[in-house]
Amino acid sequence: MQKIKKREQLKKILEKLKKSGKKIVFANGCFDLIHVGHIRFLKSAKRKGNILVVGINSDISTRKIKGKGRPIINEKQRAEILASFEFVDYVTIFNETTVEKTLKILKPHYHAKGTDYTKDTVPEKDTSLKYGIKIVIVGDKKSHSTKDIIKTILERYKK
């Protein structure tokens, strides 16, 4: 099964899965350098339902969010890495800086966000409410970041 799908393809797949009684969880992020925080977040998200869909910010939107020099790993490679995880069912790439459009298209049962958010601070809160998508905060305390990993690498390998 090819896990990486465009949003419109995924919409049709998810509609069939919903009709069969499956609960769809959507999680998103840049996922530039995969670290343990990402794994814990995604595994925790998967436990909220049956099907885990991961939305990845495209290279363009990652650059807008994270700044110059990011992403480190291009969107196709990031998608392939995430698709290789057994607990990830589908992966889609989006160009926007938020997932409002993706939520409107996919209409999952759950929208999973990390512990650096509360249900009130999720940027897509209004969209989720409008479409009956339940926001769930999952994962461990945010004490891991790609930015910190990059900083550590630079410090350790200075000439």
Fewest-first sequence of E80, E86, E8, E124 by Cβ atoms within 10 Å of each Cβ = E86, E8, E80, E124
Which order do peptides 97-106, 60-69 fall in by mean Cβ count within 10 Å, highest first?
-> 97-106, 60-69
Sequence-distant residues sharing a close amide H with G55 (under 5 Å, placed H) | A27, N28, G29, T92
Once phi is turned into ³J(HN,Hα) by the Karplus curve 6.51 cos²θ - 1.76 cosθ + 1.60 with θ = phi - 60°, what whole-Hz value does each residue of segment 129-135 show in order, with x for glycine and proline?
-> 4, 4, 9, x, 8, 7, 7
When ranked by the protection proxy of mean other Cβ atoms within 10 Å per residue, highest first, what sequence do the peptides 19-27, 149-157, 47-55 form?
-> 47-55, 19-27, 149-157
For H111, other-chain or 5+-apart residues with amide H closer than 5 Å (H placed, Pro excluded) are F26, K134, I135, V136
Interchain or sequence-distant (5+) residues whose placed amide H lies within less than 5 Å of the amide H of D140 are F41
Linear extension gain, E155 paired with I65, 0.36 nm per residue minus alpha-carbon span | 30.1 nm
Taking R0 as 25 Å and r as the Cβ-Cβ distance between N95 and V36, the FRET efficiency 1/(1 + (r/R0)^6), rounded to the nearest 0.05, comes to 0.35
Degrees separating the helix 7-19 axis from the principal Cα axis of the chain, which is the longest one | 50
Note: L129 to S143 extended length (0.36 nm per residue) minus current alpha-carbon separation gives 2.2 nm
Based on other C-beta atoms within 10 Å, arrange K18, K141 from fewest to most.
-> K141, K18
Taking the chain as the reference, fit the longest principal axis to its C-alpha atoms, fit the long axis of helix 146-156 to the helix C-alpha atoms, and give the angle between the two in degrees, 0 to 90, nearest 10.
-> 20
Using θ = phi - 60° and Karplus 6.51 cos²θ - 1.76 cosθ + 1.60, couplings along segment 25-38 (whole Hz; Gly, Pro as x) = 10, 10, 10, 9, x, 7, 6, 6, 10, 5, 9, 4, x, 4
Expected sort for H111, H38 with the fewest Cβ neighbours (10 Å cutoff) up front is H38, H111
Tell me, what ³J(HN,Hα) does each residue in segment 41-50 have, in order and in whole Hz, if you take phi through Karplus 6.51 cos²θ - 1.76 cosθ + 1.60 with θ = phi - 60° and put x for Gly and Pro?
-> 4, 5, 5, 5, 4, 4, 5, 7, x, 9
With r as the distance between the Cβ atoms of K119 and N50 and R0 = 25 Å, compute the FRET efficiency 1/(1 + (r/R0)^6) and round to 0.05.
-> 0.70
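Coordinate-derived values only; no laboratory data. Owing to the predicted nature of the structure, the values given are computational and were not obtained by experimental measurement. In this analysis, Cβ positions are derived from the backbone assuming ideal geometry, glycine residues included, and neighbour counts consider all displayed protein chains.
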